[in-house]
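The values are calculated or read from the model by the stated rules, or taken from the named source; none is laboratory data. For clarity, every value in this text was computed on a predicted model and none was experimentally measured. Backbone-built Cβ (ideal geometry, glycine too); neighbour counts: all protein chains shown. Note: accessible area is taken over every heavy atom of the protein model, side chains too, but ligands, DNA and RNA are not part of it. Shrake-Rupley method; radii C 1.70, N 1.55, O 1.52, S 1.80 Å.
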Amino acid sequence: MKGCMRHKKNLAQYCENTILDIPKALFDMRDVRPLLYNDESSIFYKDLDEDLINIEFYTRTPCLVYILSGNETITTCHDESFKVGPGEAVFLPKGLNLYSDYIHEENGLKAFLLFFGPDVLSRFLSGEPSISLSISNEDAILKIDIDHIVGEYFTSLYTIYGSLKNSPNILKLKLLELLYLLDIHDDGGLKKSLIAIQRGRPKRNIKRLMNQYATSGLSAKELAEISGRSASTFNREFKRLYGTTPKQWLIERRLARAHALLITNHWSVTAAAVEVGYTNISHFIEAFKRRYGVTPLQIKEKE
């Protein structure tokens, strides 16, 4: 394991300005404990005791999340949300940018995160007839009904392996055991998700992305690239969400923020312009006057 406990951050601290790349980044979290792991597969136990809001993460490996206590909401790039509560599980294909939200409850959020490497998946899928229907990873998130047998699997997982030395051989057996248990009543849904196709770059949630970078100075074109979409696709999806263009939305948000700074925080015109992403002060003054009918300086003089 990496680093000593006193130098580790909790999930909320780590993700303040970083996308959580899982499973790799989980080894550096003090509120997530690896039970079994090797270079490709792993099983973690997560125990959170504070709110976890707007945490963006990237699934580098297929992952199954099983909740013991608490409720976690996972949101996709298309703003589809999956709420997972005690005794429930969700399968997350690889190659996705997702968001996690958790509001602290009495017993905290306790969950298992299981990551399935290529060696485990090839063993599980070997000997099966090829599945003719392939789906993209964006459509392959799967909420899974957990019966009492699988529930007992998770109960024993922490009891037995929480206190043992790591064993890659046991890890592979335990992951295969779970996959076969889930497959008994699944009718092929999990297997379809496991072979989901990753198409292009991972897409990010437009609403959350825009709220994060509204006053950053990034252009609409740059935000389209960060979102994992072409400019035309980004503009089309954005207009469907907001009813306007990304460029116009950014101008409105940035000017509104500058207006608030000038009125309430006694910022200078130059400082307010730079704060909301303008590098050319003349352009800022012109845009501000078009929007509010007065210059930024006139706004300040009224206060």
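Here LYS207, LYS239 are screened, and the one residue that is among the charged types (D, E, K, R) and either within 22 Å of the chain's Cα centre (by Cα) or closer than 30 Å to ASP119 by Cα (or both) is LYS207. Exactly one residue out of GLU56, GLU40 is in a strand (DSSP E or B) and surrounded by fewer than 19 Cβ atoms within 10 Å (Cβ to Cβ): that is GLU56. When region 88-102 is limited to residues that are of a type outside the set (A, V, I, L, M) and not in a loop (DSSP other than H, G, I, E, B), the one that is surrounded by the fewest Cβ atoms within 10 Å (Cβ to Cβ) turns out to be ASP101.
Just the residues that are open to solvent by less than 50 Å² (accessible area, probe 1.4 Å) and assigned to a helix (DSSP H, G or I), please, taken from region 177-207.
Of everything in region 177-207, those that are open to solvent by less than 50 Å² (accessible area, probe 1.4 Å) and assigned to a helix (DSSP H, G or I) turn out to be LEU178, LEU179, LEU181, LEU182, ASP183, GLY189, LEU190, LYS191, SER193, LEU194, ILE206.
Among the residues here, ASN169 does not qualify as open to solvent by less than 80 Å² (accessible area, probe 1.4 Å) and polar (S, T, N, Q). Within region 140-163, restricting attention to residues that are among the β-branched types (Val, Ile, Thr), touching a helix residue (DSSP H, G or I) at 6+ places or on another chain (Cβ under 9 Å) and not in a strand (DSSP E or B), the residue that is surrounded by the fewest Cβ atoms within 10 Å (Cβ to Cβ) is ILE149.
Looking at region 74-87, is at least one residue in a strand (DSSP E or B), among the charged types (D, E, K, R) and at pLDDT 95 or above?
yes
The set of residues from region 59-82 being out of contact with any Ser or Thr (no Cβ under 6 Å at 6 or more places or on another chain) and loosely packed, with under 15 Cβ neighbours inside 10 Å comprises HIS78, ASP79, GLU80.
Mind checking whether some residue in region 112-128 is among the charged types (D, E, K, R), over 27 Å from the mean Cα position of the chain (by Cα), over 17 Å from LEU92 (Cα atoms) and surrounded by 12 or more Cβ atoms within 10 Å (Cβ to Cβ)?
yes
Quick one: would you say ASN137 is open to solvent by less than 20 Å² (accessible area, probe 1.4 Å) and touching a residue at least 40 places away in the same chain (Cβ under 8 Å)?
Working: open to solvent by less than 20 Å² (accessible area, probe 1.4 Å): yes; touching a residue at least 40 places away in the same chain (Cβ under 8 Å): yes.
Taking the combined requirement at face value, the residue satisfies it.
Among the conditions (1) open to solvent by 60 Å² or more (accessible area, probe 1.4 Å); (2) touching a helix residue (DSSP H, G or I) at 6+ places or on another chain (Cβ under 9 Å); (3) under 18 Å from TYR99 (Cα atoms), the only one that LYS221 does not satisfy is (3).
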